[in-house]
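Written out below as C-alpha coordinates is the structure these notes cover.
The values are calculated or read from the model by the stated rules, or taken from the named source; none is laboratory data. Everything quoted here is computed from the prediction, not taken from an experiment. Counting neighbours? That spans all protein chains shown, and the Cβs are built from the backbone with ideal geometry, glycine included. Heads up: the accessible areas ignore ligands, DNA and RNA and are worked out on the full protein's heavy atoms, side chains in. Shrake-Rupley method; radii C 1.70, N 1.55, O 1.52, S 1.80 Å.
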Amino acid sequence: MRGVRRGDLERIREKGGAAAVVGLGVSGLAALRLLRRQGLALRACDSRGRDEFDSRAIEWLERHGVTVEFGRVSDEFLQDCDLVVLSPGVDQRQPVFRNLAEKGVMVTGELALASALVETPVIAVTGTNGKSTVVKLLKDMLTASGRSCFVGGNYGTPLSEYLCDPADRDWLVLEVSSFQLDTAPRFRPAVGVLLNISPDHLDRYRDFDAYVASKLSMFARQSSDDTAVLNLDDPRALDAPGRGRRVWFGRDRGGDETGVFVSGRELVVRGMDARRSEFVVTVDNPALSGGMNMLNSAAALAAALAAGCGRDAVRG
(Lines give C-alpha, C1' and ligand atoms only; values in the text may rest on other atoms or scores of the structure.)
Protein backbone atom coordinates (compact mmCIF):
# COMPACT_ATOMS: atom_id res chain seq x y z
CA MET A 1 0.00 0.00 0.00
CA ARG A 2 1.39 3.36 -1.00
CA GLY A 3 1.35 6.67 0.80
CA VAL A 4 0.21 9.82 -0.97
CA ARG A 5 1.67 13.32 -0.97
CA ARG A 6 0.09 16.67 -1.73
CA GLY A 7 2.30 16.88 -4.82
CA ASP A 8 0.84 13.63 -6.17
CA LEU A 9 -2.62 15.20 -6.32
CA GLU A 10 -1.26 18.30 -8.03
CA ARG A 11 0.45 16.18 -10.71
CA ILE A 12 -2.70 14.17 -11.37
CA ARG A 13 -4.74 17.36 -11.73
CA GLU A 14 -2.22 19.00 -14.05
CA LYS A 15 -2.24 16.07 -16.45
CA GLY A 16 -6.03 15.74 -16.36
CA GLY A 17 -5.93 12.40 -14.60
CA ALA A 18 -8.67 10.60 -12.69
CA ALA A 19 -9.12 9.38 -9.14
CA ALA A 20 -11.47 6.66 -7.90
CA VAL A 21 -12.88 5.82 -4.48
CA VAL A 22 -13.75 2.23 -3.56
CA GLY A 23 -16.48 1.89 -0.95
CA LEU A 24 -19.24 4.47 -0.72
CA GLY A 25 -19.83 4.62 3.00
CA VAL A 26 -19.36 7.76 5.07
CA SER A 27 -15.57 7.81 4.60
CA GLY A 28 -15.76 7.04 0.89
CA LEU A 29 -18.22 9.82 0.15
CA ALA A 30 -16.11 12.23 2.19
CA ALA A 31 -13.03 11.23 0.18
CA LEU A 32 -14.93 11.90 -3.05
CA ARG A 33 -15.88 15.37 -1.86
CA LEU A 34 -12.27 16.08 -0.93
CA LEU A 35 -10.97 14.83 -4.29
CA ARG A 36 -13.51 16.98 -6.07
CA ARG A 37 -12.12 20.02 -4.26
CA GLN A 38 -8.72 19.07 -5.67
CA GLY A 39 -10.12 19.37 -9.19
CA LEU A 40 -9.82 15.70 -10.18
CA ALA A 41 -12.08 13.70 -12.48
CA LEU A 42 -13.91 11.20 -10.30
CA ARG A 43 -14.98 7.58 -10.35
CA ALA A 44 -16.39 5.40 -7.61
CA CYS A 45 -17.38 1.79 -7.13
CA ASP A 46 -18.96 -0.37 -4.47
CA SER A 47 -19.73 -4.09 -4.26
CA ARG A 48 -23.26 -3.23 -3.12
CA GLY A 49 -26.06 -2.60 -5.56
CA ARG A 50 -27.40 0.86 -6.39
CA ASP A 51 -30.68 0.19 -4.56
CA GLU A 52 -28.79 -0.26 -1.27
CA PHE A 53 -27.79 3.41 -1.13
CA ASP A 54 -29.53 6.45 0.27
CA SER A 55 -31.12 8.55 -2.46
CA ARG A 56 -29.19 11.62 -1.27
CA ALA A 57 -25.87 9.87 -1.92
CA ILE A 58 -27.01 8.86 -5.41
CA GLU A 59 -28.18 12.41 -6.12
CA TRP A 60 -24.80 13.85 -5.07
CA LEU A 61 -22.90 11.39 -7.28
CA GLU A 62 -25.06 12.21 -10.29
CA ARG A 63 -25.02 15.97 -9.72
CA HIS A 64 -21.22 16.04 -9.65
CA GLY A 65 -20.72 13.76 -12.62
CA VAL A 66 -19.10 10.87 -10.75
CA THR A 67 -18.89 7.75 -12.90
CA VAL A 68 -20.04 4.88 -10.68
CA GLU A 69 -19.89 1.10 -10.89
CA PHE A 70 -22.28 -0.63 -8.51
CA GLY A 71 -22.31 -4.31 -7.60
CA ARG A 72 -18.63 -5.04 -8.26
CA VAL A 73 -15.06 -3.80 -7.95
CA SER A 74 -13.18 -4.56 -11.15
CA ASP A 75 -9.73 -4.05 -12.67
CA GLU A 76 -11.32 -2.83 -15.87
CA PHE A 77 -13.16 0.03 -14.20
CA LEU A 78 -10.17 1.21 -12.17
CA GLN A 79 -7.07 0.44 -14.23
CA ASP A 80 -6.85 3.75 -16.12
CA CYS A 81 -7.15 5.81 -12.93
CA ASP A 82 -4.07 7.48 -11.49
CA LEU A 83 -5.22 7.19 -7.88
CA VAL A 84 -7.50 4.68 -6.14
CA VAL A 85 -8.60 5.51 -2.58
CA LEU A 86 -9.93 2.68 -0.39
CA SER A 87 -12.49 3.23 2.34
CA PRO A 88 -11.57 1.65 5.70
CA GLY A 89 -14.07 -1.18 5.32
CA VAL A 90 -12.54 -2.33 2.02
CA ASP A 91 -10.08 -5.23 2.34
CA GLN A 92 -6.86 -4.04 0.73
CA ARG A 93 -5.68 -7.65 0.28
CA GLN A 94 -8.05 -8.22 -2.64
CA PRO A 95 -6.17 -9.23 -5.82
CA VAL A 96 -7.71 -6.36 -7.77
CA PHE A 97 -5.76 -3.82 -5.70
CA ARG A 98 -2.50 -5.74 -5.92
CA ASN A 99 -2.93 -5.93 -9.70
CA LEU A 100 -3.58 -2.19 -9.93
CA ALA A 101 -0.48 -1.38 -7.89
CA GLU A 102 1.63 -3.62 -10.14
CA LYS A 103 0.34 -1.63 -13.14
CA GLY A 104 1.52 1.61 -11.53
CA VAL A 105 -1.79 2.84 -10.14
CA MET A 106 -1.39 4.62 -6.79
CA VAL A 107 -3.55 2.68 -4.30
CA THR A 108 -3.99 4.27 -0.88
CA GLY A 109 -6.54 4.87 1.90
CA GLU A 110 -8.86 7.67 2.97
CA LEU A 111 -6.73 8.53 6.02
CA ALA A 112 -3.62 8.71 3.83
CA LEU A 113 -5.36 11.00 1.37
CA ALA A 114 -6.67 13.39 4.02
CA SER A 115 -3.55 13.46 6.19
CA ALA A 116 -1.44 14.41 3.16
CA LEU A 117 -3.38 17.69 3.04
CA VAL A 118 -3.36 18.42 6.79
CA GLU A 119 -1.20 21.16 8.29
CA THR A 120 -2.74 21.21 11.78
CA PRO A 121 -1.02 18.91 14.33
CA VAL A 122 -2.73 15.58 14.95
CA ILE A 123 -3.34 13.52 18.08
CA ALA A 124 -4.17 9.99 16.93
CA VAL A 125 -5.65 7.35 19.22
CA THR A 126 -5.60 3.66 18.35
CA GLY A 127 -6.09 0.40 20.26
CA THR A 128 -8.50 -2.49 20.40
CA ASN A 129 -10.70 -0.98 23.12
CA GLY A 130 -11.38 2.45 24.60
CA LYS A 131 -10.58 4.67 21.62
CA SER A 132 -13.84 6.63 21.62
CA THR A 133 -13.67 7.25 25.38
CA VAL A 134 -10.13 8.61 25.17
CA VAL A 135 -10.96 10.80 22.18
CA LYS A 136 -13.86 12.36 24.11
CA LEU A 137 -11.68 12.93 27.18
CA LEU A 138 -9.02 14.58 25.03
CA LYS A 139 -11.57 16.90 23.52
CA ASP A 140 -12.69 17.98 27.01
CA MET A 141 -9.11 18.52 28.21
CA LEU A 142 -8.05 20.50 25.14
CA THR A 143 -11.18 22.64 25.32
CA ALA A 144 -10.65 23.30 29.03
CA SER A 145 -7.10 24.43 28.27
CA GLY A 146 -8.35 26.95 25.71
CA ARG A 147 -7.29 24.96 22.65
CA SER A 148 -9.75 24.39 19.85
CA CYS A 149 -9.95 20.96 18.26
CA PHE A 150 -11.66 18.87 15.62
CA VAL A 151 -12.65 15.36 16.71
CA GLY A 152 -13.25 12.63 14.16
CA GLY A 153 -11.54 10.02 12.03
CA ASN A 154 -12.91 6.53 12.56
CA TYR A 155 -15.14 8.05 15.23
CA GLY A 156 -17.67 10.58 13.95
CA THR A 157 -16.66 12.84 11.07
CA PRO A 158 -14.03 11.53 8.63
CA LEU A 159 -10.93 13.68 8.32
CA SER A 160 -11.67 14.10 4.60
CA GLU A 161 -15.02 15.68 5.47
CA TYR A 162 -13.37 18.17 7.82
CA LEU A 163 -10.93 19.20 5.09
CA CYS A 164 -13.78 19.98 2.69
CA ASP A 165 -14.70 22.95 4.88
CA PRO A 166 -11.83 23.30 7.36
CA ALA A 167 -12.05 25.57 10.37
CA ASP A 168 -9.05 27.04 12.16
CA ARG A 169 -8.23 24.48 14.87
CA ASP A 170 -5.26 24.07 17.19
CA TRP A 171 -5.42 20.26 17.14
CA LEU A 172 -7.08 17.44 15.21
CA VAL A 173 -8.00 14.53 17.49
CA LEU A 174 -8.51 11.35 15.48
CA GLU A 175 -9.69 7.90 16.37
CA VAL A 176 -7.69 5.62 14.08
CA SER A 177 -8.43 1.97 13.28
CA SER A 178 -5.99 -0.70 12.14
CA PHE A 179 -7.77 -0.78 8.76
CA GLN A 180 -7.02 2.91 8.29
CA LEU A 181 -3.39 2.45 9.30
CA ASP A 182 -2.96 -0.43 6.85
CA THR A 183 -3.58 1.97 3.97
CA ALA A 184 -1.74 5.02 5.36
CA PRO A 185 1.97 4.15 5.49
CA ARG A 186 3.07 7.82 5.64
CA PHE A 187 0.72 8.82 8.46
CA ARG A 188 2.63 10.65 11.21
CA PRO A 189 0.75 12.02 14.24
CA ALA A 190 2.41 14.63 16.42
CA VAL A 191 1.03 12.68 19.39
CA GLY A 192 0.19 9.01 18.92
CA VAL A 193 -1.65 7.01 21.58
CA LEU A 194 -1.75 3.21 21.71
CA LEU A 195 -4.24 2.06 24.35
CA ASN A 196 -4.07 -1.74 24.22
CA ILE A 197 -3.88 -4.66 21.81
CA SER A 198 -5.95 -7.83 22.07
CA PRO A 199 -7.05 -10.28 19.35
CA ASP A 200 -9.55 -8.64 16.99
CA HIS A 201 -10.36 -8.48 13.27
CA LEU A 202 -8.35 -11.65 12.70
CA ASP A 203 -10.44 -12.32 9.59
CA ARG A 204 -8.51 -9.42 8.02
CA TYR A 205 -5.04 -10.39 9.27
CA ARG A 206 -2.75 -13.35 8.73
CA ASP A 207 -2.40 -13.80 12.49
CA PHE A 208 -2.34 -11.82 15.73
CA ASP A 209 1.23 -10.67 15.12
CA ALA A 210 0.13 -9.04 11.88
CA TYR A 211 -2.66 -7.21 13.73
CA VAL A 212 -0.15 -6.01 16.34
CA ALA A 213 2.17 -4.78 13.60
CA SER A 214 -0.72 -2.80 12.09
CA LYS A 215 -1.35 -0.97 15.35
CA LEU A 216 2.35 -0.27 15.95
CA SER A 217 2.84 1.07 12.43
CA MET A 218 1.30 4.39 13.50
CA PHE A 219 4.59 5.30 15.22
CA ALA A 220 6.99 4.28 12.46
CA ARG A 221 7.39 7.74 10.90
CA GLN A 222 7.49 9.74 14.12
CA SER A 223 10.56 11.88 14.73
CA SER A 224 12.10 13.14 17.96
CA ASP A 225 9.71 16.12 17.75
CA ASP A 226 6.72 13.78 18.19
CA THR A 227 5.36 11.85 21.17
CA ALA A 228 4.33 8.20 21.49
CA VAL A 229 1.96 7.53 24.41
CA LEU A 230 2.22 3.82 25.18
CA ASN A 231 0.73 1.31 27.63
CA LEU A 232 3.38 0.25 30.13
CA ASP A 233 1.25 -2.77 31.09
CA ASP A 234 1.23 -4.15 27.53
CA PRO A 235 4.59 -5.74 26.57
CA ARG A 236 3.76 -5.37 22.87
CA ALA A 237 3.98 -1.59 23.25
CA LEU A 238 7.70 -1.95 23.96
CA ASP A 239 8.16 -2.84 20.29
CA ALA A 240 6.72 0.42 18.97
CA PRO A 241 8.95 1.73 16.15
CA GLY A 242 9.91 5.31 15.40
CA ARG A 243 11.91 7.99 17.19
CA GLY A 244 9.07 9.70 19.05
CA ARG A 245 9.54 10.60 22.72
CA ARG A 246 8.19 7.74 24.86
CA VAL A 247 5.52 8.67 27.40
CA TRP A 248 3.88 5.87 29.36
CA PHE A 249 0.58 5.20 31.11
CA GLY A 250 -0.55 2.24 33.19
CA ARG A 251 -0.81 1.05 36.76
CA ASP A 252 1.53 2.80 39.17
CA ARG A 253 4.60 0.73 39.96
CA GLY A 254 6.48 3.47 41.74
CA GLY A 255 9.05 3.61 38.97
CA ASP A 256 10.73 6.57 37.32
CA GLU A 257 9.12 6.30 33.89
CA THR A 258 7.75 9.49 32.34
CA GLY A 259 3.98 9.42 32.09
CA VAL A 260 0.67 9.09 33.95
CA PHE A 261 -0.04 6.17 36.26
CA VAL A 262 -3.12 4.89 38.08
CA SER A 263 -3.06 4.61 41.85
CA GLY A 264 -6.55 3.94 43.25
CA ARG A 265 -8.67 6.94 42.22
CA GLU A 266 -5.63 9.10 41.56
CA LEU A 267 -3.49 9.68 38.50
CA VAL A 268 0.18 10.16 39.33
CA VAL A 269 1.94 12.35 36.77
CA ARG A 270 5.73 12.00 36.53
CA GLY A 271 8.21 13.92 34.42
CA MET A 272 5.71 15.50 32.04
CA ASP A 273 6.76 19.11 32.59
CA ALA A 274 10.01 20.98 32.06
CA ARG A 275 10.98 20.50 35.72
CA ARG A 276 10.27 16.74 35.50
CA SER A 277 8.22 17.10 38.65
CA GLU A 278 5.51 14.83 40.06
CA PHE A 279 1.92 15.77 40.84
CA VAL A 280 -1.38 13.97 41.45
CA VAL A 281 -4.79 14.37 39.81
CA THR A 282 -7.83 12.97 41.66
CA VAL A 283 -10.55 11.52 39.44
CA ASP A 284 -13.86 12.65 40.93
CA ASN A 285 -16.12 11.48 38.11
CA PRO A 286 -17.69 8.13 39.18
CA ALA A 287 -18.04 7.11 35.53
CA LEU A 288 -14.25 7.21 35.15
CA SER A 289 -13.13 5.95 38.53
CA GLY A 290 -13.02 2.24 37.88
CA GLY A 291 -10.75 -0.24 36.12
CA MET A 292 -10.36 0.32 32.40
CA ASN A 293 -11.67 3.88 32.49
CA MET A 294 -8.95 4.92 34.92
CA LEU A 295 -6.41 3.64 32.40
CA ASN A 296 -8.26 5.49 29.64
CA SER A 297 -8.12 8.64 31.76
CA ALA A 298 -4.39 8.16 32.28
CA ALA A 299 -3.79 7.78 28.55
CA ALA A 300 -5.87 10.85 27.73
CA LEU A 301 -4.11 12.92 30.39
CA ALA A 302 -0.68 11.87 29.11
CA ALA A 303 -1.64 12.87 25.57
CA ALA A 304 -3.16 16.18 26.69
CA LEU A 305 -0.03 17.10 28.62
CA ALA A 306 2.12 16.13 25.62
CA ALA A 307 -0.05 18.47 23.53
CA GLY A 308 0.71 21.37 25.86
CA CYS A 309 -2.29 21.41 28.20
CA GLY A 310 -1.53 22.81 31.67
CA ARG A 311 -2.19 21.28 35.06
CA ASP A 312 -5.27 23.36 35.76
CA ALA A 313 -7.00 22.27 32.56
CA VAL A 314 -6.38 18.56 33.06
CA ARG A 315 -7.47 18.75 36.69
CA GLY A 316 -10.82 19.97 35.42
Problem set entry | Subset tally (residues that are open to solvent by 40 Å² or more (accessible area, probe 1.4 Å) and either of a type in the set (Asp, Glu) or modelled with pLDDT under 90 (or both)) for the stretch 244-263 | 5
Problem set entry | Number of positions in the stretch 111-121 that are in contact (Cβ under 8 Å) with a residue 24 or more places away in the chain and either open to solvent by 50 Å² or more (accessible area, probe 1.4 Å) or in a loop (DSSP other than H, G, I, E, B) (or both) | 5
Exercise. If you scan the stretch 148-160, which residues turn out to be at pLDDT 95 or above and not in a strand (DSSP E or B)?
Worked result: SER148, PRO158, LEU159, SER160
For this session: Check off (1) out of contact with any Phe, Trp or Tyr (no Cβ under 8 Å at 6 or more places or on another chain); (2) within 24 Å of GLY3 (Cβ to Cβ); (3) open to solvent by 40 Å² or more (accessible area, probe 1.4 Å); (4) of a type in the set (D, E, K, R) for ASP168 and give me the number that stays unchecked.
Result: (2)
Problem set entry | One residue from GLY65, GLY3 being open to solvent by 50 Å² or more (accessible area, probe 1.4 Å) and part of a loop (DSSP other than H, G, I, E, B) | GLY65
For this session: Inspect all residues belonging to the stretch 212-227 and state whether any of them is open to solvent by 60 Å² or more (accessible area, probe 1.4 Å), of a type in the set (D, E, K, R), modelled with pLDDT of 95 or more and in contact with a strand residue (DSSP E or B) (Cβ under 8 Å, 6 or more places away or on another chain).
Result: no
Seminar exercise, completed: Filtering the stretch 69-91 for residues that are buried (at least 19 other Cβ atoms within 10 Å of the Cβ) and not in a helix (DSSP H, G or I) leaves a count of 10
Seminar exercise, completed: Considering the stretch 122-140, residues that are assigned to a loop (DSSP other than H, G, I, E, B) and open to solvent by less than 50 Å² (accessible area, probe 1.4 Å), and then whichever is farthest from ARG169 (Cα to Cα), we arrive at THR128
Exercise. So, of the residues in the stretch 269-316 that are in contact with an Asp or Glu (Cβ under 9 Å, 6 or more places away or on another chain) and more than 25 Å from PRO189 (Cα to Cα), which turns out to be modelled with the lowest pLDDT?
Worked result: GLY316
Seminar exercise, completed: Here the residues within the stretch 177-211 that are closer than 24 Å to LEU138 by Cα and either among the hydroxyl-bearing types (Ser, Thr, Tyr) or in a helix (DSSP H, G or I) (or both) are SER177, SER178, PHE179, GLN180, LEU181, SER198
Problem set entry | Set ASP170, ASP203: member being within 21 Å of GLY89 (Cα to Cα) and among the acidic types (Asp, Glu) | ASP203
Problem set entry | In the stretch 6-44, residue surrounded by the fewest Cβ atoms within 10 Å (Cβ to Cβ) [restricted to those that are hydrophobic (A, V, I, L, M, F, W, C), in a helix (DSSP H, G or I) and free of Cβ contacts under 8 Å to residues at least 60 places away in the same chain] | LEU29
